[in-house]
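**Q** Right, I'll just put the structure down here and ask away after.
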Amino acid sequence: MKRFAALALALAVAAAACGGGAPGGGDQSAQAPGKDVKPAAKITWWHAMSGVNGDAVKRIVDGFNASGKGIQVEAVFQGNYDDLLAKLNTALASNAAPALVQVYDIGQAYMRDSGQVIPMQAFIDRDKFDTKDFEPAVINYYKYQDKLQSMPFNASSAILYYNKDAFKEVGLDPAKAPVTFTEVADAAKKLTKKDASGQTTRYGFGPSIYGWLFEQLMATSGALYADNGNGRDNKATKVLWSSDAAKGILSWWKAGVSGGYFFNPGIDNDGAANAFNAGKTAMYIESTARLRGHITTIAGKFDIGTGLYPRPDSKPNSGGNIIGGASLYIMKSRPAEEQQAAWEFVKYAMSPAVQAQWQADTGYYPIVKAAYDQGPSKEWSTKYPQFNTAIDEIRNSPQNRSTNGAVLGVMPQARQRTQKMIEAVLLGQATVDAAVDAAVADINAQIEKYNKANP
Amino acid sequence: MRRRFGIRTLATYGLLAAGSIVVAFPLLLAVSYSLMTESQIATFPPPVVPVGATLDNFASVLATIPIGRYLLNSFVVSTAVVVGQLVTASLAAYAFSFLVFRGRTLLFFLFLSTLMIPWEATIIPNYITIRAIGWLDTYQGLAVPFMATAFGTFLLRQAFLQIPRELWDSARIDGASSLRFFLSMVVPLSRPALGTVAIYGFLSTYNQYFWPLLITNETLMRTTQVGIAQLRFEETLRWGLVMAGVVMVATPTLALLVLGQRQLIRGLTAGAVKG
């Protein structure tokens, strides 16, 4: 899959370099079609939801098609997020893109700069569509210069997962999860277990080297990932990874691994999840959307707890979590009738009943708060009380540029580069300072190139 | 003398057995995982042999994707590509090895140089062509772009060059046409090479992912590898399910390889005795 990610990026950069005609910040002036345009009878929607989530997508589409609006949406699975973006690029080259596409969080700047999108704000303003009830943390992630670019669809955040049985075993309070860096490290030391031969049989904490987790740690530290308000007030020109906050995160992580109480699964999200499931690590951090999978897989072997995402000891008031996931874009290249139909579908998908069902089917956050009052959502919370931590976490996250998350044209590359940076530190190949300097220089050069190609 | 031979045989078989275990291990592990429940897979250290095998994963695969249809599509497309490649590559190789014409070497090197073009660079033009002909969501669209192969032509040319020139001369003296010589001498003598090209072409088409994903939108026209991708969930990977899908997709190709290998070896020995 990595190879396709690389291909997607190559195509994206090539297309970005060729399509340099788009004005700064994409085409923010693109207009929604007039209100009286009759919606098309049929539109296509490309999505990247497989398995259970794919079934949930089908449920939404079937519901919409049967709702008597005279519009048929055809949902087509197009591989994972990277594959879909690669396919979209190819299709755009020959005008074969669909009316509606689902693109992942970090494709935001690329989609905007492609100039191929009608900002969702244009439809919202036209219809005076009320977004007051939308979860602020979720909707703010998809804004540029305070204008909504796309409609959030599947949203998740990151939390701490912990093994309550292991907590009890070493005398920690299973009802109280550690929150600050020092608390996590202290708990991890206690939870680490060795056998007679000195081999570690259980580590206290074992996060994957995953760039998204680093972005989340920056946000809970209240720090900016990139300049110009994380690239939201204006295009970012450089990354801010040499801040004290970033170095604090790296030093904490490194100390844990060197001290033998943090497990390092490498750049391997599934490996980290498996280690937690198997009881090889007692705590780890991951997406809220993994909760149901954990509960199913662990199948009662131990009690699973959830806690707030780790943050510095000073618990900065400006710190909070970022939303991840994907959102829906209405494409400019399709006829006005199809855009109209796509907007009708988006509105339907955002209705509280649909959102509640979506949450129950997938484990993503509902985008509209009213969904929590609906049956399926309530049942979900009863069944998985651990999810309440996730809801509290984003509710309590202050809304500012650092918790909005960064938008960079080269976000996928930046994420991969932070992973290499963290790995170099953890494996002792470089000091924190040296690793950070090298990574910052690399990515700043790429940002400059991207900004030149997309003025 | 006999004893030494025995020890040597034993050692050879021992080495071969060890080697085959190493080679077959990932495959066997896939089979084993496909029979385990998720919580079994998640124990540490990871188990190798399932305790109380379950077929639930296979049932889930059947319920999640139309795997039968995907297999059929992959077979139709791969077979068409193999037939196409054998015809075009063997004829081209014949021209490059037996016929003498101006610019032959230049043309051959030009041919070979296409091997240096990364496939990523050809994807967009190919897509635009296929779309312009209206071949999206069709078997032609999936198969035709791969029916000519520079690698296969190169391989067959090398094999054809091994055929003694005297055969060609005597066939010509006996009045055989180029086509006759090609069909009754070159093709039978090159069966192992043709078999290699066929198997290579089949497997690489069968394992294609991005091209089928790119040019198909209809579920009914998709192929096995796209199906496997549908089994990978973005947030939680269910290894048992994915492995069950992999086993179902790999079994037919393995069967084909076992059958084809026999054919290959027979072709090889037949050539050796006659040649």
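**Q** Report relative contact order for chain A in percent, whole number only (criteria: Cα-Cα under 8 Å, sequence separation at least 6).
**A** The normalised contact order for chain A reaches 26 percent.
**Q** How high is the relative contact order of the stretch B:57-274, in percent, counting Cα pairs under 8 Å that sit 6 or more residues apart?
**A** Result for the stretch B:57-274 is 37 percent.
**Q** Rounded to the nearest 20 Debye, what is the dipole magnitude of chain B about its Cα centre when Lys and Arg each give +1 and Asp and Glu each give -1 at the C-beta?
**A** 1280 debye
**Q** Within the P(r) computed for the stretch B:57-274, what percentage of the Cα pairs occupies the region above 27 Å?
**A** Numbers: 10486 of 23653 pairs.
Pairs farther apart than 27 Å: 44 percent.
**Q** Something else: If the label point is 7 Å along Cα→Cβ of B:LEU29, which residues in the stretch B:237-256 have backbone nitrogen under 19 Å from it?
**A** Residues B:237-251 fall inside that zone.
**Q** Something else now. What is the average number of partner chain Cβ atoms found within 10 Å of a Cβ in A:49-57?
**A** Mean partner-chain Cβ count within 10 Å for A:49-57: 5.
**Q** Along the Cα-to-C-beta direction of A:GLN145, a point sits 7 Å from the Cα; which residues of the stretch A:224-240 have their amide N less than 13 Å from that point?
**A** The answer is A:232-236.
**Q** Quick one: go through the stretch A:228-254 and flag any residue whose amide nitrogen is under 18 Å from the point 7 Å out along the Cα-to-Cβ line of A:ALA453.
**A** Once the point is set 7 Å along Cα→Cβ of A:ALA453, A:235-239 turn out to lie under 18 Å by backbone N, inside the stretch A:228-254.
**Q** While we're looking at this one, here's another question. Quick one: 3J(HN,Hα) in Hz for the stretch A:368-377, Karplus 6.51/-1.76/1.60 with θ = phi - 60°, rounded, Gly and Pro as x.
**A** After applying 6.51 cos²θ - 1.76 cosθ + 1.60, I find 9, 5, 4, 4, 5, 7, 8, x, x, 5 Hz.
**Q** Across the residues of B:34-41, average count of Cβ atoms on other protein chains within 10 Å? Can you show the working numbers first?
**A** On the way: counts 0, 0, 0, 2, 6, 8, 2, 4.
What the average comes to for B:34-41 is 3.
**Q** How large is the Kirkwood hydrodynamic radius of the stretch A:275-382, in angstrom, based on all distinct alpha carbon pairs?
**A** 17.1 Å
**Q** Go through the stretch A:86-163 and name the trypsin sites (Lys or Arg not before Pro) that are in a DSSP coil and have 11 or fewer other Cβ atoms within 10 Å of their Cβ.
**A** Values: sites: A:LYS87, A:ARG112, A:ARG126, A:LYS128, A:LYS132, A:LYS143, A:LYS147; in loops: A:LYS128, A:LYS132.
Hits after loop and neighbour filter: A:LYS128, A:LYS132.
**Q** Would you mind ranking A:VAL57, B:VAL246, B:VAL51 so that the residue whose beta carbon has the fewest other beta carbons within 10 Å leads the list?
**A** Least crowded to most crowded, the residues run B:VAL51, B:VAL246, A:VAL57.
**Q** Based on the alpha carbon coordinates of the stretch A:270-330, what radius of gyration and maximum Cα-Cα distance (Dmax) apply, in Å?
**A** 14.7, 45
**Q** Could you line up A:GLU338, B:GLU120 from fewest to most neighbouring Cβ atoms inside 10 Å?
**A** B:GLU120, A:GLU338
**Q** With Kirkwood's inverse mean 1/r over C-alpha pairs for Rh, give me the Rg to Rh ratio of the stretch B:1-54, two decimals please.
**A** So for the stretch B:1-54, dividing Rg by the Kirkwood Rh gives 1.28.
**Q** Follow-up. For the protein assembly as shown, give me the percentage of DSSP beta bridges that are antiparallel, rounded to the nearest 5 percent. Present the calculation step by step, with values, prior to reporting the outcome.
**A** Working: 28 of 39 bridges.
Antiparallel bridges: around 70 percent, rounded to the nearest 5.
**Q** In addition: Report the calculated FRET efficiency for A:ALA66 and A:THR382 (r = Cβ-Cβ distance, R0 = 41 Å), to the nearest 0.05.
**A** E between A:ALA66 and A:THR382, to the nearest 0.05, is 0.90.
**Q** With each label point set 7 Å from Cα along the Cα-Cβ vector, what nm distance links B:GLN158 and A:LYS132?
**A** If labels sit at B:GLN158 and A:LYS132, their model points lie 7.5 nm apart.
**Q** Take every Cα-Cα pair in the stretch B:34-170 and report what % of them are more than 19 Å apart. Write out the running numbers ahead of the final one.
**A** Working: 6484 of 9316 pairs.
Everything past 19 Å amounts to 70 percent.
**Q** Right, here's the next one. Give a quick list of chymotrypsin sites (Phe, Trp or Tyr not before Pro) in the stretch B:75-123 that DSSP marks as loop, anything other than H, G, I, E or B, with at most 10 other Cβ atoms within 10 Å.
**A** Details: sites: B:PHE75, B:TYR94, B:PHE96, B:PHE98, B:PHE101, B:PHE108, B:PHE109, B:PHE111, B:TRP119; in loops: B:PHE98, B:PHE101.
When the chymotrypsin sites (Phe, Trp or Tyr not before Pro) of the stretch B:75-123 are filtered for loop state and at most 10 Cβ neighbours within 10 Å, B:PHE101 remain.
**Q** Pull out the extension gain between A:VAL170 and A:LYS190, defined as 0.36 nm times the separation in residues minus the alpha carbon to alpha carbon distance; nm, one decimal.
**A** Numbers: separation 20, 0.36 × 20 = 7.20 nm, distance 0.66 nm.
Computed gain between A:VAL170 and A:LYS190 is 6.5 nm.
**Q** Measure off 7 Å from each Cα along the Cα-to-Cβ vector at B:MET185 and B:ALA148, then give the distance between these two points in nanometres to one decimal.
**A** 2.7 nm
**Q** Grab every C-alpha pair in the stretch A:150-232, bin the distances at 5 angstrom width from 0 up to the longest one, and report whole percents.
**A** Per 5 Å bin, starting at zero, the Cα-Cα P(r) for the stretch A:150-232 comes out as 3, 11, 17, 19, 16, 13, 8, 6, 4, 2, 1, 0 percent.
**Q** Bins of 20 Å, beginning at zero and ending with the bin holding the largest distance: percent of Cα pairs per bin for chain A, please.
**A** 25, 57, 17, 1
**Q** Let me ask another. May I ask you to derive the FRET efficiency for B:LEU254 and B:SER170 from their Cβ-Cβ distance with R0 = 45 Å, giving the value to the nearest 0.05?
**A** Here the calculated transfer efficiency is 0.60.
Each reported figure results from applying straightforward, stated rules to the coordinates on display, with no laboratory input. Bear in mind the structure is a predicted one, so any value in this text is a computation, not a measurement. Cβ atoms come from the backbone with ideal geometry, glycine included; neighbour counts cover every protein chain shown.
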